[in-house]
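As structure tokens, the structure follows; a few thoughts come after it.
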Amino acid sequence: MVTEQRRFPIGKWIKPESISEDQIKRWIDEIDYTPSVLAGLIRNLNSDQEQYCYRKDGWNIKQLVHHMGDSHMNAYIRQKLALSSDQPTINPYDENAWAQMADVVEVDLATALTLLQALHKRWTVFLRSLKKEDFARGFYHPGHGRLILLDESLGMYAWHCKHHTEHIKIALATEGKTES
């Protein structure tokens, strides 16, 4: 498997031309069950297995799970801000720097999973409470230089769930062996 396939095993996120209510429900379901899928993949890993990477210069399994928590906390807050404010400007962050911080390196994988489970529970309750018109609200992302509506944001994060779950599956299937 070449690096690009390992980097984007399900392909890059592409916003659909139109987003239906059924699609929104499927994306919310994806966010809802991702922690259970992750739990099945990582629950019994030892400390060596937690260090498996999916590709050369990629994050290890432990970093991936912590990253999902960091990223999804930001998404949840951004979406709530979009609902409670008029097109707020959000703060981007350096994901690579966050993946090296002490709360990733020193905090165990079980805690990262517990955080993700609790976060996704609250997030999906929030998302399921929204009305159709709420998904047309948005936030300005200075890194992208544009307004991102909640329906698109939801789709990006449903994709993000699958994207990193596949990274973990690759790391486990290859026992962390990356291409040269």
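Quick notes on this one:
- Residue 55 vs. criteria under 22 Å from residue 163 (Cβ atoms), of a type in the set (Lys, Arg) and part of a helix (DSSP H, G or I): no
- Test result for residue 27, crowded, with 18+ Cβ neighbours inside 10 Å and either part of a loop (DSSP other than H, G, I, E, B) or in contact with a helix residue (DSSP H, G or I) (Cβ under 7 Å, 6 or more places away or on another chain) (or both): yes
- Positions within region 43-101 being β-branched (Val, Ile, Thr) and over 20 Å from residue 153 (Cβ atoms), in sequence order: 61, 65
- For residue 43, the conditions (1) at pLDDT below 95; (2) out of contact with any helix residue (DSSP H, G or I) (no Cβ under 9 Å at 6 or more places or on another chain) are fulfilled apart from (2).
- Boolean, residue 87 is farther than 29 Å from residue 57 by Cα, part of a loop (DSSP other than H, G, I, E, B) and either out of contact with any helix residue (DSSP H, G or I) (no Cβ under 7 Å at 6 or more places or on another chain) or hydrophobic (A, V, I, L, M, F, W, C) (or both): yes
- Verdict on residue 111 being within 18 Å of residue 50 (Cβ to Cβ), polar (S, T, N, Q) and part of a helix (DSSP H, G or I): yes
- Among the residues making up region 78-123, those that are within 26 Å of residue 146 (Cβ to Cβ) and among the hydroxyl-bearing types (Ser, Thr, Tyr) are 84, 85, 89, 93.
- Any chance residue 47 is small (Gly, Ala, Ser), more than 15 Å from residue 173 (Cβ to Cβ) and exposed (fewer than 14 other Cβ atoms within 10 Å of the Cβ): yes
- Test result for residue 10, surrounded by fewer than 14 Cβ atoms within 10 Å (Cβ to Cβ), in contact (Cβ under 8 Å) with a residue 12 or more places away in the chain, among the aliphatic types (A, V, I, L, M) and in a loop (DSSP other than H, G, I, E, B): yes
- Meets criteria (within 21 Å of residue 126 (Cα to Cα), touching a residue at least 60 places away in the same chain (Cβ under 8 Å) and aliphatic (A, V, I, L, M)) for residue 68: yes
- Hey, residue 144 at pLDDT below 95 and either out of contact with any Lys or Arg (no Cβ under 7 Å at 6 or more places or on another chain) or within 13 Å of residue 65 (Cα to Cα) (or both) or not: yes
- Screening region 50-79 for residues that are among the basic types (Lys, Arg) and farther than 16 Å from residue 31 by Cβ and picking the one that is surrounded by the most Cβ atoms within 10 Å (Cβ to Cβ) gives 62.
The values are calculated or read from the model by the stated rules, or taken from the named source; none is laboratory data. Being a predicted model, the structure only gives us computed values, none of them experimental. Here Cβ is always computed from backbone atoms with ideal geometry, including for glycine, and neighbour counts include all displayed protein chains.
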